[in-house]
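The structure appears below as structure tokens.
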Amino acid sequence: NAGVTQTPKFQVLKTGQSMTLQCAQDMNHNSMYWYRQDPGMGLRLIYYSASEGTTDKGEVPNGYNVSRLNKREFSLRLESAAPSQTSVYFCASSEQGGDTQYFGPGTRLTVL
Amino acid sequence: SQKIEQNSEALNIQEGKTATLTCNYTNYSPAYLQWYRQDPGRGPVFLLLIRENEKEKRKERLKVTFDTTLKQSLFHITASQPADSATYLCAPYNAGNNRKLIWGLGTSLAVNP
């Protein structure tokens, strides 16, 4: 089992560019999450999907959109990147909401 | 509002000693609480879960306590090793928060040889 995979691992964007971060899990989990982690801020939830077909906003959703493509895949889109979105992005999954979460390796995004 | 507090300053201890990390929460009563380890450049990894009706949970050199009266969980690593150096995150579960975990900022632990 690969667990939770994320692509890409690193990305540099210019302000205004768009991109999609991909996440997939092979544990048949119902719930999936997107977090960003910044120094001194901890893990902040951007969006989550409690089950296939549903998505909800977390603490910091502005500037992002998500798609739960199927049970395995949950993508995060930045439509018009801003320097404030420079961060490390983690995808996670759990069997149900509130259960143990399994994290991917992260995507390090820099917006110039 | 719900708040999680972990030791904000890094903890430095000598190899072989016991490390104790604190997680305090306010304004809610979690049904259970999880502890995770995060190494630099990597995602958090689950370590232990303790429920509100459990006073203590152990796994190898790790021990977690949960005091619902004090609204506090303590995380202990006995016979610490340099390989235990990492950031440790606590995440209490709040059923009222749309069944999501709430994350502390983490405490950085350095075990010196």
Margin query: How large is the Kirkwood hydrodynamic radius of segment A:33-79, counting all unique pairs of alpha carbons, in Å?
Written below: 11.0 Å
Next item on the list: On a C-alpha basis, how far is the centre of segment A:31-68 from the centre of segment B:39-113 in Å? Whole number, if you could?
Entry: 22 Å
Next item on the list: Once you have the Kirkwood Rh of segment B:8-63 from its Cα pairs, apply Stokes-Einstein at 25 °C and 0.890 mPa s and quote D in µm²/s.
Entry: 180 µm²/s
Check: Can you list the HN-Hα couplings for segment A:32-41, worked out from phi with the Karplus curve (6.51, -1.76, 1.60; θ = phi - 60°), rounded to whole Hz and with x for Gly and Pro?
Finding: 9, 9, 10, 10, 10, 10, 10, x, x, 10
Item checked: Contour excess over end-to-end distance, with Cα ends at A:S51 and A:T7 and 0.36 nm allotted per residue -> 13.7 nm
Notebook entry, point to check: Among bridges DSSP assigns within segment B:24-113, what percent are antiparallel (round to 5)?
Noted result: 100 percent
Item checked: Average Cα contact separation per residue, chain B, under 8 Å, 6 or more apart, as relative contact order % -> 36 percent
Check: Along segment B:72-82, what does the Karplus equation 6.51 cos²θ - 1.76 cosθ + 1.60 (θ = phi - 60°) give for ³J(HN,Hα), rounded to whole Hz, x for Gly and Pro?
Finding: 8, 10, 10, 10, 10, 10, 8, 6, 4, 10, x
Next item on the list: Return the FRET efficiency for the residue pair B:K59, B:T22: r is the Cβ-Cβ distance, R0 is 25 Å, and the value is rounded to the nearest 0.05.
Entry: 0.85
Next item on the list: Once you have the Kirkwood Rh of chain B from its Cα pairs, apply Stokes-Einstein at 4 °C and 1.567 mPa s and quote D in µm²/s.
Entry: 92 µm²/s
Margin query: Within segment A:76-112, name every residue whose backbone N is under 14 Å away from a label modeled 7 Å from Cα of A:T15 along the Cβ vector.
Written below: A:80-86, A:111-112
Margin query: Principal axis extents for the protein assembly as shown, Cα atoms only, whole Å, descending order, please.
Written below: 49, 37, 37
Notebook entry, point to check: With the calculation restricted to Cα positions, what are the radius of gyration and Dmax of chain A in angstrom?
Noted result: 13.0, 37
Check: What is the total of Lys pairs in chain B with C-alpha atoms under 20 Å apart, excluding same-chain pairs fewer than 8 positions apart?
Finding: 10
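No lab work stands behind these numbers, since they all come straight from the coordinates. These numbers were taken from a predicted model, which means no experiment stands behind them. In this analysis, Cβ positions are derived from the backbone assuming ideal geometry, glycine residues included, and neighbour counts consider all displayed protein chains.
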